[in-house]
Amino acid sequence: AMKLGIQCVPTMVIFKNSKEIQRFVGLHSEYVLSDAIQKLLK
C-alpha cells in the first residue's frame with residue numbers, strides 16, 4: 001500500500017502496461033466502476 005500511495009480503503013488502482021491509468025478512492029457505485037473498466041477494455 002505504501003509503495004502505491006494508498007492511504008484510504010477502499011482504493012482501486014487500474015494499471016495498463018505497468019502504468020497507473022486510473023484510481024478510485026472511497027466508495028463508488030457498481031455502474032461507475034463497471035463503466036471505467038469497460039472503457040479501458042475497448
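No lab work stands behind these numbers, since they all come straight from the coordinates. Please read all numbers here as calculations on a predicted model, not as lab measurements. Positions of Cβ are backbone-derived with ideal geometry, glycine not excepted, and every protein chain shown enters the neighbour counts.
Selection among 31, 10, 41 by position relative to the dipole of the chain gives 41 as farthest towards the positive end (Cβ unit charges, Cα centre).
Determine the relative contact order of the chain: mean sequence separation of Cα pairs under 8 Å and six or more apart, normalised by residue count, in whole percent. Worked out over the chain, it gives 27 percent.
On alpha-carbon atoms, Rg over Rh for the chain using Kirkwood Rh?
Ratio of gyration radius to Kirkwood radius for the chain: 0.98.
Remark: the chain carries a charge dipole of roughly 220 debye about the Cα centre, counting +1 on each Lys and Arg Cβ and -1 on each Asp and Glu Cβ.
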